């Protein structure tokens, strides 16, 4: 009896380990080929609080380019290859913050059904205008510092644009997916998507200014290296 | 006492085109209300030009405050324009209510009283539409809101005309309008085209896609803009990457192209109407003056339309384009009203235009009984 129990436990361990080993990950890089277009100065005079928090001036940050042309704020996600599969919804909420009259983060991902918290960390008023197309559009007022609103998206949508109409320079982009396989590139342009079951996928990389790029990739157990996503702005 | 409907117009003896009493302060108040309405259209134009119509997400409150108690210190960024729009709109609502009441009190013409109340209902409806556009987040309501604003401005402007001394004393017998049938068709047709043009303009502005054609007088370097899928993809890539504009559609491009064509049709219609009016009624100062103003306005409007494109839709230029568009519609509407009344008088049916209900005694006094 005791021997049987040990065999069952060992078997279960092997199966679980096998499943774990069977998961793969994709890593890669988004590159901006050529010089980044010049950013524009943002005038925040319309709100003295915002102007004060950026006393030395502020520009748009459409192209954040690291060493070797690595492009930040690119949303990379599995576009195709997961049909018919379902994935648990993370219990932890995602935060979209308003700090110093800018959205933080500028680009982020979230799963359908996952809680999105939107917070005002500024001593001025903001409106949070979600300009979703597949999900319900909404427009919330957050006139007081510390105010927090909570929302849940019900359908996948890449990308959902957030806008503050009080401060027309404030934008954020949220990729809503029905799976957890996405990443936002870091300042060096790198990204890693983990936990993918083996299979063939279409990856898409989205950049606010650069548009979208796609590529096919085969994932087996272990790590797969995706070819670089190379964005080429018009010169 | 028995009452008779007598329509005071050309064929009526003593045919002073109104024999309606003239109330100078009522007239001044109506013109003032029309002026503030034009300011309101301008402020509304700034709100749309700057894309801040949703900076205040609630209505009728403003960030939870009673809108009349909202602190000035919080009127920052887009809130300043949107909240100002609401305050000016409330002022126009109040002025219109007073105007309707004043007309009901002082003006004996039943149709004028009706016009006053229609104006009041229109301003209430306009306020509700503005509020619903904010809370329902529907661009379509914004388009209706913009078009009703133009209609309301014309209505209040017409009330201004109907309460002038000129309207109350003008005699078609003493100052007949020559060829008013043909002139009416021309002026009315052009005015209707201007209103359609304003609807097109409102549709473009309230879809918030920016300039769908960004060059002028050509369109993407051609006489007719490209609208095929390949060209559209290229155009949108450039818009997103380089122009900080959202993607556009073939429909939007077509809409703007039709807007341009219509502008030149309107120019032709206005110049032709003015020329005909000056030729046939050059001695009539009102008709001549309105015609000259109309031509000036439509010329300024075309320059402003071109400048809107050349400045990549600068908010002040785009707003001036809206305001001058309203004035162009008003000038055409007032001319059309005069000409329509002229035709109606010749056909002996000026009922809706200048009818006045008089008591039997009043009719006898005017020498019209029997």
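The values are calculated or read from the model by the stated rules, or taken from the named source; none is laboratory data. Just so you know, these numbers come straight off a predicted model, no measurement behind them. All Cβ positions, glycine included, derive from the backbone under ideal geometry; neighbour counts span all protein chains shown.
Remarks
- Residue within segment A:221-228 that is at pLDDT 95 or above and either more than 30 Å from residue B:75 (Cβ to Cβ) or within 14 Å of chain B (Cβ to nearest Cβ) (or both) present: no
- Condition met for residue A:150 (surrounded by 15 or more Cβ atoms within 10 Å (Cβ to Cβ) and closer than 22 Å to residue A:89 by Cα): no
- Selection status of residue A:63, in a loop (DSSP other than H, G, I, E, B) and in contact (Cβ under 8 Å) with a residue 40 or more places away in the chain: yes
Each row is one residue, and each column tells you yes or no for (1) outside any helix (DSSP H, G or I); (2) away from chain A (no Cβ under 14 Å); (3) closer than 25 Å to residue B:318 by Cβ.
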| position | (1), (2), (3) |
| --- | --- |
| B:53 | yes, no, yes |
| B:58 | yes, no, no |
| B:73 | no, no, no |
| B:79 | no, no, yes |
| B:90 | no, yes, yes |
| B:108 | yes, yes, no |
| B:114 | no, yes, no |
| B:121 | no, yes, no |
| B:124 | no, yes, no |
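- Among the conditions (1) away from chain B (no Cβ under 14 Å); (2) touching a residue at least 24 places away in the same chain (Cβ under 8 Å), residue A:84 misses just one, which is (2).
- Condition check for residue B:166: in contact with a strand residue (DSSP E or B) (Cβ under 9 Å, 6 or more places away or on another chain), modelled with pLDDT under 95 and either in a helix (DSSP H, G or I) or closer than 24 Å to residue B:23 by Cα (or both): no
- Residues that are surrounded by fewer than 18 Cβ atoms within 10 Å (Cβ to Cβ) and within 29 Å of residue B:138 (Cβ to Cβ) were ranked within segment B:92-106; the one that is farthest from the other protein chains (Cβ to nearest Cβ) is B:97.
- Residues in segment A:162-181 that are assigned to a strand (DSSP E or B) and within 9 Å of chain B (Cβ to nearest Cβ): A:163 alone.
- Among the candidates B:149, B:187, the residue that is at pLDDT 95 or above, outside the structural domain of residue B:263 (by TED's automatic domain parsing) and assigned to a helix (DSSP H, G or I) is uniquely B:149.
- Counting residues in segment B:73-87 that are loosely packed, with under 15 Cβ neighbours inside 10 Å and either within 16 Å of residue A:126 (Cβ to Cβ) or touching a strand residue (DSSP E or B) at 6+ places or on another chain (Cβ under 7 Å) (or both) gives one or more.
- A count restricted to segment B:196-240 and to residues that are surrounded by 19 or more Cβ atoms within 10 Å (Cβ to Cβ), in contact with a strand residue (DSSP E or B) (Cβ under 7 Å, 6 or more places away or on another chain) and within 14 Å of chain A (Cβ to nearest Cβ) stands at 0.
- Single match in A:115, A:125, A:96 (criterion: more than 14 Å from chain B (Cβ to nearest Cβ) and more than 27 Å from residue A:32 (Cβ to Cβ)): A:115
- Within the span defined as segment B:267-277, one or more residues are on the phi < 0 side of the Ramachandran plot, in the same structural domain as residue B:192 (by TED's automatic domain parsing) and out of contact with any helix residue (DSSP H, G or I) (no Cβ under 7 Å at 6 or more places or on another chain).
Here is a yes/no grid of residues against (1) modelled with pLDDT under 95; (2) buried (at least 22 other Cβ atoms within 10 Å of the Cβ); (3) farther than 21 Å from residue B:128 by Cβ:
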| position | (1), (2), (3) |
| --- | --- |
| B:3 | yes, no, yes |
| B:11 | yes, no, yes |
| B:29 | no, no, yes |
| B:37 | no, yes, no |
| B:56 | no, yes, no |
| B:64 | no, no, no |
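- Odd one out for residue B:185 among (1) in contact (Cβ under 8 Å) with a residue 60 or more places away in the chain; (2) under 30 Å from residue B:282 (Cβ atoms): (1)
- Qualifying position, being modelled with pLDDT of 95 or more, closer than 25 Å to residue A:200 by Cβ, away from every other protein chain (no Cβ under 14 Å) and not in a loop (DSSP other than H, G, I, E, B), among A:31, A:26: A:31
- When segment B:241-264 is filtered for residues that are within 14 Å of chain A (Cβ to nearest Cβ) and not in a loop (DSSP other than H, G, I, E, B), the ones remaining, listed by number, are B:241, B:242.
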